[in-house]
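A.B. asks: Pasting a structure here, questions to come.
The values are calculated or read from the model by the stated rules, or taken from the named source; none is laboratory data. Remember, it's a predicted structure, so these values are computed and weren't measured experimentally. Heads up, the Cβs are rebuilt from the backbone with ideal geometry, glycines too, and the neighbour counts pull from every protein chain shown.
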Amino acid sequence: MIRSFLRLPLALLAGALAPAVLAGTAPVDPRIDHLLTELGKVRDIHAVQLSPDGVQLAWVVDTAGKPAIMLAGADGRGAHRLNTRDKPGRCSETDIAWAPDSHHLAFLTDCPSVGAKPGQKDLVLADPAGKAVPKRLAALHGYAHDLAWSADGRRLAFLYVEGATRAASAVAAAKPAAGEIGVDGLEVQRVATVPAAGGTVQMLTPAPSYVYEFSWSPDSRQIAYVAAPAPGDNNWWIAKLYAQDANADATPHELVDTRTVDSPLHGLQMALPRWSPDGTRIVFIGGLMSDQGATGGDLYAVPSRGGAVTALTPGIKVTPVWFAWTGANRLLVAQIRNGRSEVAPYAIDAAHATAQAPLFTAAASLGDGSAAMGLSLSADHSTVAFAQSSYAQAPEVHAGALGTTAPPAVTAINAALKPSWGAAESVEWDNEGRHVQGWLLYPANYDKSRTYPMIVMVHGGPASAVLPRWPSVGFGGVPFSPLGYFVFMPNPRGSYGQGEDYVQANRKDFGHGDLRDILAGVDTIEKNLPVDDQRLGLTGWSYGGFMSMFAPTQTQRFRAVVAGAGIANWQSYYGQNLIDQWMTPFFGASVYDDPAVYAKSSAINFIKQVKTPMLIVVGDRDAECPAPQSFEMWHALRAQGVPTSLVVYPNEGHHFVDPAHQRDVLQRALLWFGKYLPAGG
């Protein structure tokens with residue numbers, strides 16, 4: 001959600017407000033220390049890729065503290081590390097892509113054995129069946145990702161920020177503000193290519209355009225991409241869809257501008273452009289999306305040479321998040337339905353994409369665990385592979401025949417890990433004419449004769465969803481369960497999983513209707529389970545951080561709050577941030593044109609009603625939810641005499657990357673709720 005940032009002067013952070021800055025932690029309950037140690041044992045799995053011939057698997061897994069590539073047969077047998085002649089933990093290997101011949105694997109690495117320089121990943125090519133060290137295809141001088149081969153296997157394309165000083169992501173730590181803001185030091189992401197035999201990097205897309213996603217045409221002669229003028233962090237919400245010849249001097253052809261299109265797509269966002277097998281049209285996902293990368297919406301189509309946009313799935317009650325063409329008239333779609341992951345075939349013609357019976361549904365996360373699911377298919381679409389995790393099972397690679405049964409796990413990377421938290425249950429209720437769903441974790445060692453406190457964890461976005469997934473040390477709700485709490489993770493209006501109307505139901509209404517949905521869910525749980533209404537807590541990150549700040553201004557139900565990277569004042573936020581394009585689709589106008597719609601969702605305007613103790617945490621270089629918002633809330637709470645604590649983590653963006661900080665913020669949250677909502681009794 002919410003991509004914005006304005007650094008406070010360092011003197012202000014380090015001087016006048018020094019007591020709020022990160023300090024040492026008091027002695028910790030040994031149960032918390034044990035819990036965090038156990039959470040840290042999970043080995044994350046990324047980028048599961050099935051070879052086009054369906055014979056081999058490759059994936060990236062954390063190994064000795066660094067991402068490393070593993071290879072195996074499609075059934076997971078014979079798993080072994082790719083030969084780079086570098087010891088595990090010495091270097092990183094990421095962004096894998098099988099060549100169309102299934103005999104070569106491209107990836108990015110900073111391993112010394114391939115000649116990479118420290119701190120820079122180069123593009124290399126390996127023969128998985130051979131013993132030779134991978135060959136360097138190109139020395140890179142910037143940030144690269146999203147490798148994709150042309151169908152003819154002659155070229156490899158990728159997104160590239162030449163001379164990058166940071167990852168191309170608004171969740172990464174922002175650059176310190178200096179020079180002429182919005183002009184100096186712009187870093188532009190473009191589509192680049194390298195010949196399969198290696199050689200010079202060639203930029204395909206124009207220098208002024210920041211590219212977010214792209215795909216090759218079936219004949220390897222063109223690319224389609226979603227792009228906007230730089231700065232890229234700010235303008236994804238107004239990005240257009242283009243197509244052009246795959247040459248450096250080609251002229252882009254604008255296919256879709258959502259600001260002018262006359263269809264349900266008007267004013268929304270686009271993602272995942274994919275060419276039809278005959279190359280005549282491009283299908284993409286369009287919808288109200290709060291984050292680039294957290295894809296969800298409806299399916300749309302546009303002729304590849306330009307023309308009218310067709311809404312293919314109007315009125316569906318699920319949220320497609322990924323798809324692939326599996327034939328001239330067929331799609332395979334990964335979608336969210338009512339808090340679960342689902343994979344379904346769709347029949348597609350000129351005017352409609354019609355869902356068939358789902359192949360399988362899982363109370364789990366597919367892909368890397370986010371709302372943006374991703375599958376890997378063999379060229380004949382008979383075999384599928386992906387990473388999967390749930391509340392019951394830690395991440396593993398799943399692979400097998402694409403059919404009506406979900407493929408099994410073919411690895412045992414995290415098999416030794418067992419849940420220390422309670423059972424998970426889907427909770428469903430109705431509120432104000434809408435059906436709502438959420439996930440409830442029971443306390444570990446649940447005893448129905450006791451009463452328990454409950455923590456409500458609101459997800460970020462708001463255009464996202466809670467899907468069951470194995471937790472990590474990063475901030476989340478699951479760790480409260482082992483310490484004796486119910487944990488309620490709702491998917492209120494604004495979430496993915498029940499169609500685009502449901503996603504758009506909190507436009508111009510942040511914090512109001514979705515809060516009523518959440519409170520109705522709390523009531524439903526309390527009617528059926530021994531939850532102590534006097535020991536309710538609230539937490540969340542990003543949009544969940546905003547809700548954690550705002551809800552105590554509207555209700556006294558919550559007795560303690562932890563607000564991570566939140567928004568206290570939408571009006572001041574609009575003026576502080578340099579990434580403001582996302583706000584108009586959700587608020588309907590700028591703050592200058594309609595200040596009232598921003599004011600009605602600003603916690604600071606109702607601050608006199610807050611009595612709830614609040615812990616506030618944020619990164620000092622957060623590019624989505626700037627630190628000044630946390631300072632404003634903290635200052636207001638102190639002025640009202642409300643117990644509060646603000647912790648600012650140095651050099652962190654919206655997603656914390658320092659393991660010590662990840663551990664500390666979760667530890668502080670556990671201690672905060674332990675103080676105000678003790679789990680005994």
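A.B. asks: Is it the case that some residue within the range 526-541 is over 18 Å from Leu440 (Cβ atoms) and crowded, with 24+ Cβ neighbours inside 10 Å?
C.D. replies: Taking the range 526-541 and keeping what is over 18 Å from Leu440 (Cβ atoms), we get 534, 541.
Now narrow it down to the ones that are crowded, with 24+ Cβ neighbours inside 10 Å: 541.
The answer is yes; a qualifying residue exists.
A.B. asks: Would you point out which residue out of Val188, Val211, Val226 is buried (at least 22 other Cβ atoms within 10 Å of the Cβ), hydrophobic (A, V, I, L, M, F, W, C) and under 14 Å from Ala157 (Cα atoms)? Before the answer, list the steps.
C.D. replies: On the way: Val188 fails: under 14 Å from Ala157 (Cα atoms); Val226 fails: under 14 Å from Ala157 (Cα atoms).
Result: Val211 is the single residue among Val188, Val211, Val226 that is buried (at least 22 other Cβ atoms within 10 Å of the Cβ), hydrophobic (A, V, I, L, M, F, W, C) and under 14 Å from Ala157 (Cα atoms).
A.B. asks: Next question. Taking the range 586-603 on its own, how many of its residues are buried (at least 20 other Cβ atoms within 10 Å of the Cβ) and either on the phi > 0 side of the Ramachandran plot or out of contact with any helix residue (DSSP H, G or I) (no Cβ under 6 Å at 6 or more places or on another chain) (or both)?
C.D. replies: Total satisfying the criteria: 1.
A.B. asks: Let me ask another. Which condition number in (1) within 24 Å of Gln292 (Cβ to Cβ); (2) of a type in the set (A, V, I, L, M); (3) surrounded by fewer than 22 Cβ atoms within 10 Å (Cβ to Cβ) is the one that Ala196 fails?
C.D. replies: Going through the list (1) within 24 Å of Gln292 (Cβ to Cβ); (2) of a type in the set (A, V, I, L, M); (3) surrounded by fewer than 22 Cβ atoms within 10 Å (Cβ to Cβ), Ala196 breaks only (1).
A.B. asks: Name the single residue, out of those in the range 610-647 being outside any helix (DSSP H, G or I) and among the charged types (D, E, K, R), that is farthest from Ala565 (Cα to Cα).
C.D. replies: Lys611
A.B. asks: From Pro678, Pro659, Pro643, Pro650, grab the single residue that is in contact with an Asp or Glu (Cβ under 9 Å, 6 or more places away or on another chain) and either over 24 Å from Ser495 (Cα atoms) or outside the structural domain of Gln504 (by TED's automatic domain parsing) (or both). First the steps, then the outcome.
C.D. replies: Working: Pro678 fails: in contact with an Asp or Glu (Cβ under 9 Å, 6 or more places away or on another chain); Pro659 fails: in contact with an Asp or Glu (Cβ under 9 Å, 6 or more places away or on another chain); Pro643 fails: in contact with an Asp or Glu (Cβ under 9 Å, 6 or more places away or on another chain).
Checking each option against the conditions leaves just Pro650.
A.B. asks: Limited to the range 218-227, what total is found for residues that are outside any loop (DSSP other than H, G, I, E, B) and out of contact with any Lys or Arg (no Cβ under 7 Å at 6 or more places or on another chain)? Working first, answer last.
C.D. replies: Quick first cut of the range 218-227, residues outside any loop (DSSP other than H, G, I, E, B) only: 222-227.
From the residues that got through so far, the ones that are out of contact with any Lys or Arg (no Cβ under 7 Å at 6 or more places or on another chain) too are 222-226.
Number of matching residues: 5.
A.B. asks: Could you say whether any residue in the range 337-347 is surrounded by 23 or more Cβ atoms within 10 Å (Cβ to Cβ), small (Gly, Ala, Ser) and within 24 Å of the chain's Cα centre (by Cα)?
C.D. replies: Within the range 337-347, one or more residues are surrounded by 23 or more Cβ atoms within 10 Å (Cβ to Cβ), small (Gly, Ala, Ser) and within 24 Å of the chain's Cα centre (by Cα).
A.B. asks: Ala379: aliphatic (A, V, I, L, M) and either touching a strand residue (DSSP E or B) at 6+ places or on another chain (Cβ under 8 Å) or surrounded by 20 or more Cβ atoms within 10 Å (Cβ to Cβ) (or both), yes or no?
C.D. replies: Here the answer is no, as Ala379 does not meet what is asked.
A.B. asks: Right, another one. Inspect all residues belonging to the range 298-319 and state whether any of them is under 27 Å from Trp439 (Cα atoms), touching a helix residue (DSSP H, G or I) at 6+ places or on another chain (Cβ under 6 Å) and either in a loop (DSSP other than H, G, I, E, B) or touching a residue at least 40 places away in the same chain (Cβ under 8 Å) (or both).
C.D. replies: yes
A.B. asks: Same structure again: Restricting attention to strands (runs of 3 or more DSSP E) lying wholly within the range 363-478, give those where 2 or more residues are in the same structural domain as Arg663 (by TED's automatic domain parsing) and at pLDDT 95 or above. Break it down into steps so the answer makes sense when it comes.
C.D. replies: Details: elements: 383-389, 396-401, 424-431, 434-441, 452-458.
Hits in the range 363-478: 424-431, 434-441, 452-458.
A.B. asks: Can you name every residue in the range 245-277 that is farther than 30 Å from Met583 by Cβ, in contact with a Pro (Cβ under 7 Å, 6 or more places away or on another chain) and part of a loop (DSSP other than H, G, I, E, B)?
C.D. replies: Keep residues of the range 245-277 that are farther than 30 Å from Met583 by Cβ, which gives 245-251, 275-277.
Checking the rest, the ones that are also in contact with a Pro (Cβ under 7 Å, 6 or more places away or on another chain) come to 275, 277.
If the condition is that a residue be farther than 30 Å from Met583 by Cβ, in contact with a Pro (Cβ under 7 Å, 6 or more places away or on another chain) and part of a loop (DSSP other than H, G, I, E, B), then Pro277 is the only one that fits.
A.B. asks: Now a separate question. Check Gln437, Gln393 and return the single one that is in contact with a strand residue (DSSP E or B) (Cβ under 7 Å, 6 or more places away or on another chain) and either farther than 13 Å from Val343 by Cβ or surrounded by fewer than 20 Cβ atoms within 10 Å (Cβ to Cβ) (or both).
C.D. replies: Working: Gln393 fails: in contact with a strand residue (DSSP E or B) (Cβ under 7 Å, 6 or more places away or on another chain).
Result of the check over Gln437, Gln393: Gln437.
A.B. asks: Go through (1) of a type in the set (S, T, N, Q); (2) closer than 24 Å to Asp122 by Cβ; (3) more than 28 Å from the chain's Cα centre (by Cα) for Thr205 and report which single condition fails.
C.D. replies: (3)
A.B. asks: Give just the number: which of (1) assigned to a loop (DSSP other than H, G, I, E, B); (2) under 17 Å from Leu666 (Cα atoms) does Asp509 not satisfy?
C.D. replies: Condition (2) is where Asp509 drops out.
A.B. asks: What residue, among those in the range 321-336 that are touching a residue at least 40 places away in the same chain (Cβ under 8 Å) and loosely packed, with under 15 Cβ neighbours inside 10 Å, is farthest from the chain's Cα centre (by Cα)?
C.D. replies: Keep residues of the range 321-336 that are touching a residue at least 40 places away in the same chain (Cβ under 8 Å), which gives 321-328, 331-332, 334, 336.
From what's left, loosely packed, with under 15 Cβ neighbours inside 10 Å: 327-328.
Values: Gly327: 29, Ala328: 31 Å.
Among residues in the range 321-336 that are touching a residue at least 40 places away in the same chain (Cβ under 8 Å) and loosely packed, with under 15 Cβ neighbours inside 10 Å, the one farthest from the chain's Cα centre (by Cα) is Ala328.
A.B. asks: Among the residues that make up the range 546-567, is at least one of them free of Cβ contacts under 8 Å to residues at least 60 places away in the same chain and farther than 30 Å from Asp533 by Cβ?
C.D. replies: Taking every residue of the range 546-567 in turn, none turns out to be free of Cβ contacts under 8 Å to residues at least 60 places away in the same chain and farther than 30 Å from Asp533 by Cβ.
Here's the yes/no breakdown for (1) of a type in the set (Lys, Arg); (2) farther than 16 Å from Ala350 by Cα:
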{"residue": "Gly286", "(1), (2)": "no, yes"}
{"residue": "Ser290", "(1), (2)": "no, yes"}
{"residue": "Ala311", "(1), (2)": "no, no"}
{"residue": "Lys317", "(1), (2)": "yes, yes"}
{"residue": "Val321", "(1), (2)": "no, yes"}
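A.B. asks: Now for a separate question. Please go through the range 654-668 and pick out each residue that is out of contact with any helix residue (DSSP H, G or I) (no Cβ under 8 Å at 6 or more places or on another chain) and closer than 12 Å to Val473 by Cβ.
C.D. replies: From the range 654-668, those out of contact with any helix residue (DSSP H, G or I) (no Cβ under 8 Å at 6 or more places or on another chain) are 654-655, 657-662, 664-665, 668; that's our starting set.
Answer for the range 654-668, where residues must be out of contact with any helix residue (DSSP H, G or I) (no Cβ under 8 Å at 6 or more places or on another chain) and closer than 12 Å to Val473 by Cβ: Val657, Asp658, Pro659, Ala660, His661, Gln662, Asp664, Val665.
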